[in-house]
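Below you'll find the structure, written out as C-alpha cells, and then a few comments.
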Amino acid sequence: MEPAAEQIQLFMQRFVFIICAFFIVSSAGAQDNRPLKLSHLTGDFYVFTTYNLYKGNRIPANGMYLVTTDGVVLFDTPWDSTQFQPLLDTIRARHHQEVLLCIATHFHEDRTGGLEFYRQRGIKTYTTRYTDELSKNHGMKRAEFLMDTDSLFRIGGYSFQTFYPGKGHAPDNIVIWFQQQKILYGGCLIKSVEDHTLGNLSDASVTDYAQTIRQVKQHCPHPRYILPGHNDWTNIHSLKHTLKMARRLARQQ
Ligand SMILES: [Zn+2]
C-alpha cells in the first residue's frame with residue numbers, strides 16, 4: 001500500500017472508531033439521564049428512583065410503591081421535584097390505579113419533598129409526629145396526618161407496619177416492614193452495599209447508629225428484600241453492611 005493510502009486508511013479507522021465511541025457513550029448517557037426510573041421489585045411492589053445533586057454529584061434516591069385493589073401506596077416521595085407529577089401519571093398509565101396514600105420515612109427532602117404536592121392532589125400524606133416537628137424546624141414539607149407511635153396499616157388486602165428503631169441516619173428515621181412478603185423498606189437508614197461510607201451524617205447519631213440497626217434486625221427478621229434509600233437495592237447484605245460501617249464509625253469516636 002502507498003504511504004498516503006495507508007495514512008488515509010488509518011485516518012478512516014480512527015474516524016470510524018471515534019464515531020462509534022461517540023454513539024456508545026451518548027446512548028449510555030441517554031439511559032442514565034432518565035429522570036425517573038421504575039423497577040419491579042416483587043409481586044405488586046415497585047421501586048421508583050429519581051435523582052438530585054448532592055455535593056455536585058448526581059445521586060439516585062429510591063422510593064417504593066405498592067399497588068393494591070384499593071389504590072396505590074407510596075413510600076417516600078421523589079427527590080426530584082420535577083418528577084412528582086410524572087410519577088403519578090406513570091402509575092396511573094401502568095396500573096390504572098390512583099395513589100391513595102404516601103408515607104415519608106424521615107424529614108429530609110429526598111423523603112418529604114413531595115408531601116405538600118401530593119396532599120394538594122388529595123393523597124393522604126403521613127409522617128410520624130417526630131418527623132413533623134423536625135420538618136417544621138427545618139422548613140421541609142409536612143404531612144397532613146401524623147402518627148404518634150408505630151402503626152399498622154391495612155390496605156387492599158396488604159398490611160405493613162411502620163417501625164421506629166432509634167436514631168441513626170436521622171433522629172426520626174423509621175423503616176417499613178412487610179412481614180408477610182418479608183420486605184424491609186429501610187429508607188436512608190440503610191446503606192447500599194455500593195456505599196463505602198454512611199453518607200450524609202449531618203443529622204446522624206454516630207453513637208446510636210449500630211444499636212438502631214440491631215433493632216431493625218431484631219424487629220424485621222429474615223428479610224427477603226431490603227430497600228436502601230440510595231444506590232443499588234438488589235443486594236440483600238445491605239443491612240449487615242450498614243451495621244459493619246456503623247460499628248466502625250462508633251469505634252472511631
Ligand atoms: Zn437520603
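The values are calculated or read from the model by the stated rules, or taken from the named source; none is laboratory data. This structure is a prediction, so every number in the text was calculated from the model and none was measured. We place every Cβ from the backbone using ideal geometry, glycine too, and count neighbours over all the protein chains shown.
Among the residues of segment 43-81, how many are on the phi > 0 side of the Ramachandran plot, at pLDDT 95 or above and either among the charged types (D, E, K, R) or not in a loop (DSSP other than H, G, I, E, B) (or both)?
Filtering segment 43-81 for residues on the phi > 0 side of the Ramachandran plot gives 43, 55-56, 71, 76.
Keeping just the survivors that are at pLDDT 95 or above gives 43, 71, 76.
Cutting the leftovers down to either among the charged types (D, E, K, R) or not in a loop (DSSP other than H, G, I, E, B) (or both) gives us 71, 76.
Residues that pass the stated criteria total 2.
Can you tell me which residues in segment 142-178 are under 21 Å from the mean Cα position of the chain (by Cα) and basic (Lys, Arg)?
Result: 142, 167.
I want to confirm something. Restricting to segment 69-89 and keeping residues that are closer than 20 Å to residue 156 by Cβ and surrounded by fewer than 16 Cβ atoms within 10 Å (Cβ to Cβ), which single residue is nearest to the ligand (Cβ to nearest atom)? So that I can check it myself, show each step before the final result.
Here is the first cut: in segment 69-89, the residues closer than 20 Å to residue 156 by Cβ are 69-76, 87-88.
Right, trim to surrounded by fewer than 16 Cβ atoms within 10 Å (Cβ to Cβ) and you get 69-70.
Numbers: 69: 31, 70: 29 Å.
Checking each candidate, the answer is 70.
Looking at (1) modelled with pLDDT under 95; (2) within 15 Å of the ligand (Cβ to nearest atom); (3) of a type outside the set (D, E, K, R), which is the only condition residue 250 fails?
(2)
Go through (1) over 24 Å from residue 220 (Cβ atoms); (2) touching a strand residue (DSSP E or B) at 6+ places or on another chain (Cβ under 9 Å) for residue 138 and report which single condition fails.
(2)
May I ask you to say which residue of 205, 192, 159 is touching a residue at least 12 places away in the same chain (Cβ under 8 Å), buried (at least 22 other Cβ atoms within 10 Å of the Cβ) and among the hydroxyl-bearing types (Ser, Thr, Tyr)? Working first, answer last.
Numbers: 205 fails: buried (at least 22 other Cβ atoms within 10 Å of the Cβ); 159 fails: buried (at least 22 other Cβ atoms within 10 Å of the Cβ).
The match here is 192.
Looking at segment 227-251, I want the residues that are within 15 Å of residue 188 (Cα to Cα) and aliphatic (A, V, I, L, M) and have a partner that is within 15 Å of the ligand (Cβ to nearest atom) and assigned to a helix (DSSP H, G or I) with Cβ atoms under 9 Å, at least 6 apart or on another chain. Which pairs are those?
Qualifying pairs under 9 Å: 227/238; 243/209; 245/209; 246/209.
Pairs under 6 Å by beta carbon, first residue β-branched (Val, Ile, Thr) in segment 170-183, partner surrounded by fewer than 24 Cβ atoms within 10 Å (Cβ to Cβ), six or more apart or different chains?
174/162; 174/164; 175/163; 176/160; 176/162; 183/225
Could you tell me which numbered condition residue 59 fails, if it satisfies all but one of (1) within 13 Å of the ligand (Cβ to nearest atom); (2) buried (at least 20 other Cβ atoms within 10 Å of the Cβ); (3) among the hydrophobic types (A, V, I, L, M, F, W, C)?
(2)
What are the residues in segment 192-203 that are of a type outside the set (A, V, I, L, M) and more than 10 Å from the ligand (Cβ to nearest atom), if any? Steps first, answer last, please.
Narrowing segment 192-203 to residues of a type outside the set (A, V, I, L, M): 192, 194-197, 199-200, 202-203.
192, 194, 195, 196, 197, 202, 203, listed by residue number.
Do we have residue 118 as more than 16 Å from the ligand (Cβ to nearest atom) and farther than 22 Å from residue 184 by Cα here?
Numbers: more than 16 Å from the ligand (Cβ to nearest atom): yes; farther than 22 Å from residue 184 by Cα: yes.
Against the criterion (more than 16 Å from the ligand (Cβ to nearest atom) and farther than 22 Å from residue 184 by Cα), residue 118 qualifies.
Pairs please, first residue from segment 87-102 and outside any strand (DSSP E or B), second anywhere and surrounded by fewer than 16 Cβ atoms within 10 Å (Cβ to Cβ) and not basic (Lys, Arg), Cβ atoms under 7 Å, 6+ apart in sequence or on different chains.
Close Cβ pairs (under 7 Å, with a partner that is surrounded by fewer than 16 Cβ atoms within 10 Å (Cβ to Cβ) and not basic (Lys, Arg)) amount to 90/38; 92/98.
With respect to residue 187, is the statement that it is in contact (Cβ under 8 Å) with a residue 40 or more places away in the chain, surrounded by 17 or more Cβ atoms within 10 Å (Cβ to Cβ) and not aromatic (Phe, Trp, Tyr) true?
On the way: in contact (Cβ under 8 Å) with a residue 40 or more places away in the chain: yes; surrounded by 17 or more Cβ atoms within 10 Å (Cβ to Cβ): yes; not aromatic (Phe, Trp, Tyr): yes.
Yes; evaluated as a whole, the condition is true for this residue.
When you look at residue 107, is it within 12 Å of the ligand (Cβ to nearest atom), more than 19 Å from residue 60 (Cβ to Cβ) and touching a residue at least 60 places away in the same chain (Cβ under 8 Å), yes or no?
Values: within 12 Å of the ligand (Cβ to nearest atom): yes; more than 19 Å from residue 60 (Cβ to Cβ): yes; touching a residue at least 60 places away in the same chain (Cβ under 8 Å): yes.
Criteria met by residue 107.
Kindly indicate whether any position in segment 22-32 is farther than 30 Å from residue 201 by Cβ and modelled with pLDDT of 95 or more. Quick ask: steps written out before the conclusion?
As a first pass, look at segment 22-32 and keep what is farther than 30 Å from residue 201 by Cβ: 22-31.
Imposing the further condition that a residue be modelled with pLDDT of 95 or more reduces the set to none.
No: zero hits.
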